[in-house]
Amino acid sequence: MKFIADFHIHSKYSRAVSQEMNVESLDKWARIKGIKVLGTGDFTHPQWLAELKEKLEPAEPGLYKLKVSAYGGSAVGGENEEKFINEKNKSNKSEENKTRFILTSEISSIYSKNGRGRRIHNIIFAPSFDIVNKINTQLSWIGNLKSDGRPILGLDSEELLKIILNISEDCILIPAHAWTPWFGVFGSQSGFDSLEECFGDWTKYIYAIETGLSSDPAMNWRWSALDNITLISNSDAHSPANLGREANLFEGEELNYQAIIEAIKLGAKISQNSQMLKLISTIEFFPQEGKYHFDGHRNCQIVFSPKETKEHKNICPKCGKPLTVGVMNRVEKLADRPKGRKPKKIIPFKCLIPLQEIIADTFGMGKASKTVQEEYKKMVSNLGSEFEILLDKSKEEIESVASSLIAEGIIRIREEKVKIHPGYDGEFGKIEIFSSEEKEGIKKGSSIGQKSLL
């Protein structure tokens, strides 16, 4: 059995998050995407926790599923999604095909340590609502959990780890988007130069980090300090359509909380011949597309590679202020291996671009346009989940439903034949699947060029 998991998301109770991030919508969009196990996100928020308890029921040990009574209409409207969901799952009530939820939440810790201000985001996994209640009780003594789905607490990350493990050894803490400048454990603005500096003697209980949208495993492999740390990837989605933009692929016979946690803890140390559940791959953004990959100033429209930043002594040539130093720069600073080198044991990864982005680039329109949305609905209705389309369907199968241009775009992405203008200082990178010359030729009716865009 193989399944895809996305552990880090947010609910409608977090800031700048779509109101569509409700339990029913998350369940339906997970199935549209092809995600089997989805983090609940935000279990520290009282209202969200109440909704989770009301609408979910136990499935396998430590996992939950939507109650039959909670199933309603389509997540995104229209007959296409209902047709897709019903055909894929045979019945919305099918126990086997329901989305499984795992209890997760992100904590924003803002504190001082070793003479510097720190702002670190961490993801917590919990095995049951009873454990969540105990965690929330203790955290409520420290800060206001009602203020935001991702609460801001004046709590040292090491102390947070102590709290959750003293409540239950079955909990796990994973640093979120570890390299992000402002809120990553290795971030340039308020992070640390090692896990030990952040978590002290409790570092031995840190088994994994989340690489984040702006880095991929290959970048992390360059730092030997992470050789025994599992690298996981999650969407950090603020809207249903962004679920699974990064995710994790598992394989094995077991599906339960403990099996998932053990697979994360052991990572690449599990033998590929083992019958245990194991993490066999991560699904990544192209890291250049992440909004903190390179250095720069968004307001000044300055974007620099690490080399260019060094040449400018970390100063913006337009405004004279320090640049926001991005992920690639931090990796270069901490890495002790050259590009291309890696540990002996690794978990492989695949870089993808979300289907709606591919369609939008092909049509030269925004993702939210009606044309793009209708094409997306048609494809998932007739071909299967988004991940099935992106990972498994042949070019001929895709062309049976969509244009040859979209099919070609998907194949190019699988072969990593895309051009990306790197993101920086909060600005997402720009993907170019087809060159401007190719697009112009397409408009005039000529065939698609086959040369690589690299």
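Bear in mind that the values in this text are calculations on the coordinates, not laboratory data. Predicted model only: the values in this text are computed from it and were never measured. Here the Cβ is made from the backbone with ideal geometry for all residues, glycine too, and neighbour counts use every protein chain on show.
Miscellaneous remarks
- Relative counts (whole %) of C-alpha pair distances in the chain, using bins that are 10 Å wide: 4, 20, 31, 27, 14, 3, 0
- ³J(HN,Hα) computed for each position of region 251-267 - Karplus, 6.51 cos²θ - 1.76 cosθ + 1.60, integer Hz, glycine/proline x: 9, x, 8, 8, 9, 6, 4, 4, 5, 5, 5, 5, 5, 5, 4, 7, x
- Label point distance in nm, Lys417-Asp336, each placed 7 Å from Cα along Cα→Cβ: 4.0
- Scattering curve values for region 354-443, log₁₀ I(q)/I(0), Debye with Cα scatterers, q = 0.12, 0.18, 0.19, 0.21 Å⁻¹: -0.36, -0.81, -0.90, -1.08
- Looking at region 2-288, the DSSP beta bridges with both ends there are about 70 percent antiparallel.
- Spin-label model distance (nm) - Glu60 vs Cys300, 7 Å beyond Cα toward Cβ: 5.2
- Cα-based shape type of region 175-308, given that a ≥ b ≥ c are square roots of the gyration tensor eigenvalues and the cut on a/c is 1.5: prolate
- Cut-off under 5 Å, modelled amide H: who pairs with Trp223 long-range: Asp336
- Among 117-123, 417-423, the peptide with the highest mean count of other Cβ atoms within 10 Å heads the list, and the full ranking is 117-123, 417-423.
- Glu308/Ser274 FRET efficiency (R0 56 Å; Cβ-Cβ; nearest 0.05): 0.75
- Note on Glu251/Ser147: beta-carbon distance plugged into 1/(1 + (r/R0)^6) with R0 of 45 Å gives a FRET efficiency of 0.70.
- Greater than 20 Å apart at Cα, pairs in Lys2/Lys65; Lys33/Lys350; Lys269/Lys342; Lys342/Lys419; Lys204/Lys265; Lys2/Lys204: Lys342/Lys419; Lys2/Lys204
- In order through region 302-312: 3J(HN,Hα) via Karplus (6.51 cos²θ - 1.76 cosθ + 1.60), integer Hz, x for Gly, Pro: 9, 10, 10, 6, x, 5, 5, 4, 4, 5, 9
- For the pair region 238-257 and region 290-311, the centres of their Cα atoms are 31 angstrom apart.
- Neighbours of Leu155 by Cβ distance under 15 Å: Lys/Arg scored +1, Asp/Glu scored -1, total 0.
- Rounded to whole numbers, the Karplus 3J(HN,Hα) couplings from phi for region 141-150 are 6, 9, x, 8, 7, 7, 6, 6, x, 10 Hz, using 6.51 cos²θ - 1.76 cosθ + 1.60 with θ = phi - 60°, and x at Gly and Pro.
- For Phe101, distant residues with modelled amide H under 5 Å away: Leu38, Tyr64, Lys65
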